[in-house]
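The block underneath contains the structure these notes are about, expressed in structure tokens.
Values in this text are rule-based calculations from the coordinates and carry no lab data. This one's a predicted model, so the numbers in the text were calculated from it and none came from an experiment. Please note: Cβ atoms are built from the backbone with ideal geometry, for glycine as well, and neighbour counts cover all protein chains shown.
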Amino acid sequence: MKGAVKGLGIDIVDIKEFKGIVGGKTSKSFIDGTFTKAEFAYAVSIIKPFCPLNLAAVFAAKEATYKAFGTGWLGGKDVEVTHKKSGAPQIALRGEIQKIAKKRKIDEVLVSLSYTDNNAVAVALLV
């Protein structure tokens with residue numbers, strides 16, 4: 001860790017509710033507006049056939065990151081969950097949130113994700 005803690009956010013997603021969103025009438029627009037192609041491809045590759053558990057955890061990570069910044073939701077694709085070679089999740093910032101991070105001198109966003117059949121949770125730490 002490079003520096004002091006500059007923000008902390010947590011989010012929990014109800015899997016049943018999330019399944020309704022990604023399986024509903026507006027699912028394509030929600031998915032296209034919220035997730036990058038790489039995030040969706042990774043979620044599909046983890047659990048086959050496609051199950052939204054991993055995608056729910058990614059959504060929770062995006063929400064937790066915005067909560068850590070205290071900005072509220074700015075754009076789904078401005079916070080991207082990528083993965084290290086080890087498989088550990090990491091956060092890439094783009095657009096407006098990246099500008100805010102530079103202004104606040106935030107070097108890194110640490111993230112942890114987890115899910116069960118009922119909930120997905122993420123914690124984001126700004127350093």
Given (1) surrounded by 14 or more Cβ atoms within 10 Å (Cβ to Cβ); (2) in contact with a strand residue (DSSP E or B) (Cβ under 9 Å, 6 or more places away or on another chain); (3) of a type outside the set (A, V, I, L, M), where does GLY76 come up short, assuming only one miss?
(2)
For the range 87-102, pairs from a residue that is on the phi > 0 side of the Ramachandran plot to a residue that is in a loop (DSSP other than H, G, I, E, B), with Cβ under 7 Å and 6 or more apart or across chains, are GLY95/GLY75
Just for the range 1-44: of the residues that are hydroxyl-bearing (Ser, Thr, Tyr) and in contact with a helix residue (DSSP H, G or I) (Cβ under 9 Å, 6 or more places away or on another chain), which one is nearest to GLU63 (Cα to Cα)?
THR34
Could you tell me whether any residue of the range 95-110 is under 25 Å from LYS19 (Cα atoms) and among the small types (Gly, Ala, Ser)?
no
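Residue by residue, here is whether (1) closer than 20 Å to GLY33 by Cα; (2) surrounded by fewer than 17 Cβ atoms within 10 Å (Cβ to Cβ); (3) in contact with a strand residue (DSSP E or B) (Cβ under 7 Å, 6 or more places away or on another chain) holds:
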{"residue": "THR65", "(1), (2), (3)": "yes, no, yes"}
{"residue": "GLU80", "(1), (2), (3)": "yes, no, yes"}
{"residue": "ASP117", "(1), (2), (3)": "no, yes, no"}
{"residue": "LEU125", "(1), (2), (3)": "no, no, yes"}
When both residues are 6+ apart or on different chains and their Cβ atoms are under 6 Å apart, which pairs have a first residue that lies in the range 60-81 and is over 12 Å from LEU93 (Cα atoms), and a second that is charged (D, E, K, R) and buried (at least 20 other Cβ atoms within 10 Å of the Cβ)?
ALA60/ASP11; GLU63/ASP11; ALA64/ASP11
